[in-house]
Amino acid sequence: MFDALIAFAALLALIALRLPIAFAMGLAGFVGFGVLIGWDASLAMVRNVTYETGLHYTLSIVPLFILMGNFVTRAGLSDELYTASNAFLGHRRGGLAMATVVACGGFSAICGSSLATAATMSKVAMPSMRRYGYSDSLAAGSIAAGGTLGILIPPSVILVLYGLMTESDIGKLFMAGILPGIVGVICYMGAVRYTVFRNPESGPPGDRLGWRDRLRALRGVWGVLVLFVLVMGGIYGGVFTPTEAAGVGASGAFLFALFRGTLTWASLRTILRESAETTAMIFSILIGALMFANFINVTGMPSDLTGWINEMELPAYAVIAMIVIVYLLLGCVLESLSMILLTVPVFYPLVLSLDFGTAFDPQSVLIWFGIVVVVVTEISLITPPVGLNVFVLKGVLPELSTRTIFRGVMPFWCADIVRLSLLVGVPAISLYLPGLMGR
Amino acid sequence: ASAETTLRMSSWLPPKHPIVADMMVPWIEEVKKATNGSVNIIILPKALGAAPAHFDLAKDGIADVTFGVHGYQPGRFLLTQAAEVPFLGNSSEAISVAYWRIFEKHLAKANEHEGVKLLALMTHGPGQMFNTQRPITSLADLAGMKIRVGGGLINDLTTALGATALLKPAPASYELISTGVADGVFFPKESIKSFKLASFIKYGTVVPGGLYNVSFFLAMNPAKFEALTKAEQDAIMSVSGEHFAKMAGQAWDRADKAGQADMEAAGVEIIDAPEALVQGIAEKAAPMEAAWIAAAKEKGIDGDMVLKDFRAEIAKLEASN
Amino acid sequence: MTTDRSVQPAVRPAAKIWLNRILGGLAAVILFAMMVLTFVDVIGRYFFNTPVEGGFEITELMLATLIFAGLPLVSATDGHIAVDIFEILIPNAVSRIKEALINLACAAMTGVLAWQLAIKTGETVGYGDVTAILHIPIWPVVAFMTATLVATALILVIRAGVVLFPRNR
Ligand code: NA
Ligand code: NA
């Protein structure tokens, strides 16, 4: 247990030195395993982790969902989503920001990554919010926060990794993310309302459209709907597994981009290449995290932790509250993917050992906990000082200061805490839809 | 020996799986008792690698003790396929004990387990046919059905029988069956329960002696084994080898009974394979057995004699029970 | 980004072309093929009861190739995620030395990994490890992983040099 804590501290120090996170985790894992077990074994361990993570069938879902998101953006579906939600909401005060949040939610239904969602929507939504005189902080805040929905509303790369680590049903995890995602959209709209209530100048109303124009705009959304129904319907209807869904979804998005004439040889090459680079970046982190997780495993920390908690006989929900607080703290400094990969192996045996009475069956506990973990991870994406969605926005719009974006994100962060409490307190929000599956 | 040694076991199966709960945990207790508490084995909370890596985990000292499936690493183990052929026997206890005996008599000299200290071998109970579509009474019923299999000889046999083989890891079975991607599985009865398939499976066909089997090993890092005292080594081996095969085989047989009860409770319709179906399977399996015998010959092993000895040993053990 | 080839030494564009064309092109082709393979597999299985034989093991081999083809590309563009919240506190010169050291450290780690995968390549050759259905030998993919790790280590060493001695233009 003590060795594990030292290693965690060393890891954070290495990360603060600006060592890439993937390398920091790999190094900490390698050295820790070497000290505890032996150096030859540790060398063999890093060799085996690298080899088997590279050749891991289920992980093929990662590049294919990334590819799907990139094709979808190329096909222009993100613009149509924004136009449609704007037609309904734009004329209200703060309406463009609310439309941004709704469009982010819609885009999340066809994109597996939060960073991609934020990057895409910043290009789509920022120009018109600026045109209508929105404050930079509200505009940027709504995109950074709305973008986090990408990993909660299915498809989601993070839910897949969680499912692999805990041996939970990935199809059920996807189903479980839908309602909490909608709750997230509603909470974020509340945050926009609050912001314009405090400062009406930050979000002036846009043009009001007639119903004819609204319906016309709505027609543009069918592409997104088709892809979402293709992916989720295919999983639910037994046509393919969640792993295969990524390949089918990417193919569908490719066909969309092709038939809309938005693909050229050059753009196809760029999309494929960028997706491949993102894949390599994610797998570096994955491989590093698995090395570190193997070390944590041999320290016995997960079982020690479970033993202590059981000894203290805390009520189950108190333990969950403690875990959530740990996540919120880690979320200040850790990147989302590494956070999940590092902590889930430690916490999930603990959660499984908790006594919730008759509230869940064992499999549902892990589904519900997965949603809670993903929501705290979403929060980490907009928590200073290391909020990746904020950095993504800063990358796309360099003239914005990080401080402005974080200020704009504040109300959304509070809305997230409200949503988190709701999801922890009312597990049915997460478990209702998956409960309908597989009967 | 006064010093206490703690060995780490890596397990790729959940703690409640029969292999862990009813075979590994009791064996660990036996090791502790046989060594008067000087060798203590702990099961790590999580596996240190994927299921196919578990031979290498023990070889490279990443973990001290592991168990695994020979067929998960295609190309490495040939002779252990002797335990995968159809119609071996109706009880895991008899097959596993006979397997250890013929291994020591015929197969050990080929040294296929080089790099680890082999502690024991076993097979699960007879593998059978389960599906969600229709009762299987002939090869025609099997035609075109999508069946999840776990690799090894059964993969080729499934294709030869006219079904479509979906080779996926065992834990993927729930996903494949519950979503309808696969129509059926080839599994021992036990697995229908442990992978929670009973509510989806509607039909089972039981082949006398089993349609296939899976060969497992229990292994230890050789350096860790050498570091123990001679007395400790002897104590561990006294509860491994044939002793382990018997204990684990009995546990498999109990788990199969529990699987059978689970399916009966769920209303699964289970029938015995008609003679014509058994004949059909035998015809399709014969060339595969011949190919195995030819391949074994290249390793200097008389495969024909091995299979004959193996079957005779199983028959003897089943008769004595 | 535009590159003026006339003012750069010949080795840089050559290395860049090698990276971009070969590895970038390979990664792009493989990713597209993975997508098509899954699609054909699903369609074939659902409508015609004929899945692609061994489809999932081809996917596995392609995934490893894809990741490790992408690795040198990511490393060449500093695409790894790192946290730079404390950078403002550090003087420029110190920061440059630190950056160079970090690149060298990453190069060393990648080198160790390359050495280990060379060992793994030898093992997969020695054991004759093949895939389950199509019996495709696994060693060429492991050898490819080794080669790209070596390339990545070299790139990181070059990056250390570039950070330490930025050319004034
Ligand atoms: Na999503
Ligand atoms: Na953060």
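The values are calculated or read from the model by the stated rules, or taken from the named source; none is laboratory data. A quick note: this is a predicted structure, and the numbers were derived from the prediction, not measured. Methodologically, a virtual Cβ is constructed for each residue, glycine included, from the backbone with ideal geometry; neighbour enumeration extends over all protein chains shown. Ligands, DNA and RNA are excluded from the accessible area calculation, which covers all protein heavy atoms including side chains. Shrake-Rupley method; radii C 1.70, N 1.55, O 1.52, S 1.80 Å.
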Check on C:Val150, surrounded by fewer than 19 Cβ atoms within 10 Å (Cβ to Cβ), touching a residue at least 24 places away in the same chain (Cβ under 8 Å) and under 15 Å from the mean Cα position of the chain (by Cα): yes
Hits in region B:122-169 (condition: in a helix (DSSP H, G or I) and surrounded by 20 or more Cβ atoms within 10 Å (Cβ to Cβ)): B:Leu142, B:Leu153, B:Ile154, B:Asn155, B:Leu157, B:Thr158
Looking only at region B:35-74, and only at residues there that are under 27 Å from B:Lys109 (Cβ atoms) and more than 14 Å from chain A (Cβ to nearest Cβ), the one that is modelled with the lowest pLDDT: B:Gly71
Output for region B:109-121, where each listed residue is part of a strand (DSSP E or B) and open to solvent by less than 20 Å² (accessible area, probe 1.4 Å): B:Leu119, B:Ala120, B:Leu121
Region B:179-195, residues that are within 11 Å of chain A (Cβ to nearest Cβ) and either open to solvent by less than 10 Å² (accessible area, probe 1.4 Å) or out of contact with any helix residue (DSSP H, G or I) (no Cβ under 8 Å at 6 or more places or on another chain) (or both): B:Gly180, B:Val181, B:Ala182, B:Asp183
Filter result for B:Asp253 (open to solvent by less than 60 Å² (accessible area, probe 1.4 Å) and touching a residue at least 40 places away in the same chain (Cβ under 8 Å)): yes
B:Asp262 being touching a Lys or Arg at 6+ places or on another chain (Cβ under 9 Å) and surrounded by 19 or more Cβ atoms within 10 Å (Cβ to Cβ): yes
Residue match in region B:27-34 (condition: open to solvent by less than 10 Å² (accessible area, probe 1.4 Å), modelled with pLDDT of 95 or more, closer than 18 Å to B:Ala251 by Cβ and outside any loop (DSSP other than H, G, I, E, B)): yes
Qualifying residue in region A:263-278 (condition: away from every other protein chain (no Cβ under 11 Å) and either in a loop (DSSP other than H, G, I, E, B) or touching a strand residue (DSSP E or B) at 6+ places or on another chain (Cβ under 7 Å) (or both)): yes
Leading residue by the ranking (nearest to A:Glu167 (Cα to Cα)) among those in region A:320-357 that are within 14 Å of chain C (Cβ to nearest Cβ) and open to solvent by 30 Å² or more (accessible area, probe 1.4 Å): A:Leu330
Residue in region C:136-154 that is farther than 22 Å from A:Ile21 by Cβ and part of a loop (DSSP other than H, G, I, E, B) present: yes
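Which of the helices (runs of 4 or more DSSP H) contained wholly in region A:1-79 include at least 2 residues that are over 28 Å from A:Ile143 (Cα atoms)?
The helices (runs of 4 or more DSSP H) meeting that bar are A:2-16, A:21-36, A:39-54.
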Residue satisfying all of: in region A:370-405; free of Cβ contacts under 8 Å to residues at least 24 places away in the same chain and within 16 Å of ligand 2 (Cβ to nearest atom); most open to solvent (accessible area, probe 1.4 Å) among these: A:Arg403
Which numbered condition A:Gly203 misses (of (1) under 25 Å from A:Pro411 (Cβ atoms); (2) loosely packed, with under 15 Cβ neighbours inside 10 Å): (2)
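Does A:Ile296 satisfy the condition of being of a type in the set (Val, Ile, Thr), under 24 Å from C:His80 (Cβ atoms) and within 14 Å of chain C (Cβ to nearest Cβ)?
So A:Ile296 fails the test.
Across region B:221-250, what is the number of residues that are open to solvent by 50 Å² or more (accessible area, probe 1.4 Å), assigned to a helix (DSSP H, G or I) and under 30 Å from B:Gly61 (Cβ atoms)?
The total comes to 11.
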